[in-house]
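The values are calculated or read from the model by the stated rules, or taken from the named source; none is laboratory data. All values derive from a computational prediction rather than experimental measurement. Here the Cβ positions follow ideal geometry from the backbone for every residue, glycine too, while neighbour counts run over all protein chains shown.
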Amino acid sequence: AQSVTQPDIHITVSEGASLELRCNYSYGATPYLFWYVQSPGQGLQLLLKYFSGDTLVQGIKGFEAEFKRSQSSFNLRKPSVHWSDAAEYFCAVGARGNKLVFGAGTILRVKS
Amino acid sequence: ETGVTQSPTHLIKTRGQQVTLRCSSQSGHNTVSWYQQALGQGPQFIFQYYREEENGRGNFPPRFSGLQFPNYSSELNVNALELDDSALYLCASSSGTSERKNIQYFGAGTRLSVL
């Protein structure tokens, strides 16, 4: 069965510091991987996606993620965090039938 | 191009009641998926509708049911509400049912509180 693990429930970083959010997945075939962001009381906004090809993918708002098949990981990174990045981040894998299997999320806090 | 819209935004019900949540899919999309997001958790897949037929279901009881209309909008119905049904219900639309290079776009959700 497909599953996604986000090991960090909360992460706090200083504004301007770099960020890495971890995601590990379990999926038998070639994974289709996504990162979504959710601001309080809001729905999910797609940050970036990996389908195939280049393992380093660029997304919106300056985010990028790297797919590492050997580690079953798809970590999200940003070189310099802004206060407006504070939100909850979800990693997801696209499973059979076009359903998404989500991790439990990582809450990002940004301190000034 | 309009995005995914859901209504209502908030809803309060009591145990045992029934509720209907609505979703309008993004222009050009023929598939709607519903997810339940309990507090502090990631979204969980409820079911998906494609061309007015259910096309896959997660681990939810039959009292969760749905419909899709010819214009691809959708409803989620929950009967005999329980306290644990309190959650944010998210609707996502996409084009087709293959996971290959398919992207789901989410609405803002309906917050359901069961008292």
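Numbers at a glance
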read-out	value
Residue A:57 being over 15 Å from residue A:85 (Cβ atoms) and not in a loop (DSSP other than H, G, I, E, B)	yes
Filter result (among the hydrophobic types (A, V, I, L, M, F, W, C) and more than 11 Å from chain A (Cβ to nearest Cβ)) within the range B:61-109	B:64, B:67, B:69, B:76, B:78, B:80, B:81, B:83, B:87
Residue list for the range A:82-100, restricted to those being buried (at least 21 other Cβ atoms within 10 Å of the Cβ), among the hydrophobic types (A, V, I, L, M, F, W, C) and modelled with pLDDT of 95 or more	A:90, A:91, A:92
Residue within the range A:38-45 that is out of contact with any Gly (no Cβ under 6 Å at 6 or more places or on another chain), more than 9 Å from chain B (Cβ to nearest Cβ) and either at pLDDT 95 or above or surrounded by fewer than 18 Cβ atoms within 10 Å (Cβ to Cβ) (or both) present	yes
Filter result (closer than 21 Å to residue B:105 by Cα, of a type in the set (Gly, Ala, Ser), within 14 Å of chain B (Cβ to nearest Cβ) and without any contact (Cβ under 8 Å) to a residue 40 or more places away in the chain) within the range A:53-112	A:59, A:97
Candidate set from the range B:6-15 (those that are polar (S, T, N, Q) and either at pLDDT below 95 or in a loop (DSSP other than H, G, I, E, B) (or both)); member that is farthest from residue B:27 (Cα to Cα)	B:14
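For every residue, the table says whether it meets (1) under 12 Å from the mean Cα position of the chain (by Cα); (2) in a loop (DSSP other than H, G, I, E, B); (3) aliphatic (A, V, I, L, M); (4) surrounded by fewer than 13 Cβ atoms within 10 Å (Cβ to Cβ).
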position: B:22; (1), (2), (3), (4): yes, no, no, no
position: B:42; (1), (2), (3), (4): no, yes, no, no
position: B:70; (1), (2), (3), (4): no, yes, no, yes
position: B:75; (1), (2), (3), (4): yes, no, no, no
position: B:92; (1), (2), (3), (4): yes, no, yes, no
